[in-house]
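Here's the structure, in structure tokens; my notes come after.
Each value in this text was obtained by applying a stated rule to the coordinates, not by laboratory testing. Note that this is a predicted model, so its numbers are computed, not measured. We place every Cβ from the backbone using ideal geometry, glycine too, and count neighbours over all the protein chains shown.
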Amino acid sequence: MDKIIKYDQLLQLLSAHAKELLREPGVLFWGILFPILMSLGLGLAFTRKQDVIRDVAVITQHQKSISEADSSSPLQTFLDTRTERLPFQSGEPAQYKLVIPNDKLGNTTFVFKQATWDNAIVMLKRGSISIIITETGDGIHYHFDPRNPEGQLNYLKLTAVISGEPRPQTSDSNIEPLTVTGTRYIDFFVPGLIAMGIMMSCMWGISYGIIEKRSQKLLRRMVATPMKKSHFLISLITVRLCMSFVESSLLFLFAWLAFGITIQGNVFALLTLFLAGNIAFAGIAIFTSYHTARTEIGNGLINVVVMPMMVLSGIFFSYHNFPDWAIPVIQKFPLTMLADGMRSIFIEGAGFTETIFPIAILSIIGVVFFSAGLKVFKWH
């Protein structure tokens, strides 16, 4: 009578899959180094500095240089009396600097750069400026995208300063800076990046690996041996789970060392959710790769699964930016449930009670898709 689990056979398959994985140099980069580099780059870009420098394009009447403009104009008067003129070489546009000090929120430095309208638009499109100030016969005008929060903030600060106050407003007696743990962009981003890493590891590591083996006739040869079919899939999923755990652990270690990110909630709930996420996407990966033997078709099938969730599930920005009618649909995606659960544990202090629903749903998704994929799986 055959054993339900043949441990020697399962161990051999685990060893073979692990060696196959570790011999691929791309695994170390895409699975470990790339997420760390992504978190470093976005963390540095969106971690707010103590002092802020903002460039502003200034266009005077008839696009004259600032030095040739009418000295009685409000804009020129402001630049001459309230700012510091920066040194520049002959032929270069003039630049002026204004520092608005604030001990609690950090200093804000505005650098006013003389420019033509075309040059200012180019700078605006490139993101080097967020606001353009022009002066015409009827006064000073501010040009910025009303959907850009930085442009709105700069507009509020500049109008208060240029309006004719004797000094920049520095009173901060009614300001209480909010310093709550978990409010930075990097705190939002890292749990989502871990969730996306689980999805990508399963979908590409399992689905593409199976399709490639089928295209090379390796599955046909392996199924001709006394190997149990379930052992092959279980070993493949187990090795990918271990690799995903190593990748996520190294990413969290780096985020902890570089940005001081900590886990506010229950660690065991996080590990359970991590396991449920791997089960869900491993099952989806098996189902996705159950039939095709062409890698080109496999690429398309995997991208059909991962791309919509990667864009919509709130990994890089909140999915609440989408229309209200779309949010209930997005919240039912497996990646959305995994990322939201991760964030609730990382930055909201959640435990098993708050995460039991996504854990259960993700586990059910994995079991259902794995069972369906196993029934229709094509070995040759």
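Listing for the model above:
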read-out: Sorted by Cβ density within 10 Å, fewest first, the residues PHE189, PHE259; value: PHE259, PHE189
read-out: Residues TYR142, TYR208, sorted so that the one with the fewest Cβ neighbours within 10 Å comes first; value: TYR142, TYR208
read-out: Proximal charge balance of GLY197 [Cβ under 13 Å; K/R count +1, D/E count -1]; value: 0
read-out: Residue-by-residue Karplus 3J(HN,Hα) for region 213-219, coefficients 6.51, -1.76, 1.60, Hz, glycine and proline x; value: 5, 5, 5, 8, 6, 6, 4
read-out: Net lengthening on full extension, ILE53/ILE356 (0.36 nm per residue, minus Cα-Cα); value: 104.6 nm
read-out: Cβ-Cβ FRET estimate between VAL311 and SER230, R0 fixed at 30 Å, reported to 0.05; value: 0.30
read-out: Per-residue Cβ neighbour rank within 10 angstrom, fewest leading, MET123, MET337, MET307, MET196; value: MET307, MET123, MET196, MET337
read-out: Over region 205-311 - Rg/Rh using Cα atoms and the Kirkwood inverse-distance radius; value: 1.06
